[in-house]
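Got a structure for you, written out below as structure tokens; questions coming shortly.
Values quoted throughout were computed directly from the atomic coordinates according to the rules given, and no laboratory measurement underlies them. The shown structure was predicted, so the numbers you read here are calculated from the model rather than taken from an experiment. With ideal geometry, Cβ positions are generated from the backbone for all residues, glycine too; neighbour counts draw on all protein chains shown.
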Amino acid sequence: MIRVQTEPFDVGAEIGAFCRAGGSSGGSTGGSVGASIGGVATFVGLVRDHRGDTSEDAVPLQALTLEHYPGMTERQLERIEAEARRRWDLRDVLVIHRYGRMEPEEPIVLVCTAAAHRGPALQSCQFLIDWLKTRAPFWKCEETPDGAHWVEARDTDEAATARWEESLP
Amino acid sequence: MKVLYFAWLRDRVGTGEETIERPADVATVGDLMAWLAGRSEGHARAFADPALVRCAVDQDFAGLDAALDGAAEVAFFPPVTGG
């Protein structure tokens with residue numbers, strides 16, 4: 001399931017509900033699908049209170065505004081989910097991605113995957129966030145003390161996506 | 001045809017959306033970028049470095065060579081930075 005929204009979400013409540021739902025949206029077998037899930041993997045992306053990765057180049061961050069391309073965003077996320085389900089035997093997938101203005105410590109994105117065992121759950125979760133970062137049309141704008149700046153794409157994100165082109169499970 | 005701009009391309013062009021009459025000799029995404037760049041100073045700044053610009057035709061990523069025949073909506077934006 002894909003959700004694109006401005007509202008903050010409760011990470012614990014979402015993950016709890018995902019585990020309890022037990023693959024209801026993704027199971028192809030009937031009966032008690034929930035009991036067939038052996039592993040749930042999750043990734044939570046949060047707003048940092050600074051930008052830069054070392055103390056020397058750290059700049060305080062007051063807020064982050066995410067812009068997106070309504071329509072294309074949902075389409076791309078649905079494709080990314082479909083690709084994950086094609087590569088791994090998944091019982092359920094949840095991707096929540098926010099847009100609009102958010103402050104440090106708020107969640108931006110949540111990816112949850114459910115499978116029979118840990119391997120497919122963990123791998124597909126990383127695949128989803130890696131692919132999403134280079135294929136879903138979102139743009140971050142950082143508010144810092146010296147003004148607003150559009151975030152530049154990082155080569156390491158492209159490399160993380162490219163890795164999945166080579167290594168099919 | 002509808003043309004959309006996102007992130008700093010919108011800032012530079014000065015609008016997020018405009019409707020254009022595509023000239024007959026503007027056949028590809030690359031042609032359209034070159035043509036749009038001549039519309040105003042803001043457009044020129046937005047398309048000054050085409051290597052920094054990404055495109056979608058009818059909400060699918062498209063390269064410079066992509067044909068515009070039948071396209072209703074073309075969007076220009078920087079490389080994505082979500083997640």
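Explain nothing, just the number: dipole magnitude of the protein assembly as shown about its Cα centre with +1 on each Lys and Arg Cβ and -1 on each Asp and Glu Cβ, in debye rounded to the nearest 20.
About 800 debye.
Give me the inter-chain shielding for A:132-141: mean count of other chain Cβ atoms within 10 Å, whole number please.
6
To the nearest 0.05, how large is the calculated FRET efficiency for B:Ala27 and A:Cys19 if R₀ is 41 Å and r is the Cβ-Cβ distance?
The formula returns an efficiency of 0.20 here.
I want to check the label-to-label distance for A:Ala35 and A:Glu56. Put each point 7 Å from Cα in the C-beta direction and report it in nm to one decimal.
5.9 nm
Could you work out how far helix A:155-166 tilts from the main Cα principal axis of chain A, as a 0 to 90 degree angle to the nearest 10?
20 degrees
Suppose we look only past 17 Å in the calculated P(r) of the stretch B:2-77. What percent of the Cα-Cα pairs does that tail hold?
For the stretch B:2-77, the share of Cα pairs beyond 17 Å comes to 34 percent.
On to the next question. Mind checking the stretch A:60-159 for GluC sites (Glu not before Pro) that DSSP puts in a loop (not H, G, I, E or B) and that have at most 16 other Cβ atoms within 10 Å?
Answer in residue order: A:Glu105, A:Glu152.
What FRET efficiency do you get for A:Thr65 and B:Leu64 if R0 is 30 Å and r is their Cβ-Cβ distance, rounded to the nearest 0.05?
About 0.55, to the nearest 0.05.
Over chain A, what is the relative contact order in percent, taking alpha-carbon pairs closer than 8 angstrom and at least six residues apart?
Relative contact order comes out at 31 percent.
Restricting to DSSP H runs of at least four residues, report the calculated mean residue ellipticity at 222 nm for the protein assembly as shown, -39500 (n - 2.57) per run over all residues, nearest 500 deg cm²/dmol.
Result for the protein assembly as shown, helices only: -9500 deg cm²/dmol.
What is the fewest-to-most order of A:Cys125, A:Cys141 by other Cβ atoms lying within 10 Å of their Cβ?
Ordered from fewest to most neighbouring Cβ atoms within 10 Å, A:Cys125, A:Cys141 come out as A:Cys141, A:Cys125.
Other chains' Cβ within 10 Å of A:56-68 residues: what's the mean?
For this peptide, the per-residue mean of nearby foreign Cβ atoms is 1.
Report Rg(Cα)/(2.2 N^0.38 Å) for chain A, keeping two decimals.
Taking the Cα Rg and dividing by 2.2 N^0.38 Å, one obtains 1.09.
For the pair A:Thr6/A:Glu143, report the inter-label distance in nm, with labels modelled 7 Å from Cα in the Cβ direction.
A separation of 1.4 nm, rounded to one decimal place.
For helix A:11-21, report the angle its Cα long axis makes with the longest principal axis of the Cα atoms of chain A; keep it between 0 and 90° and round to the nearest 10°.
Orientation of helix A:11-21: about 10 degrees from the principal axis.
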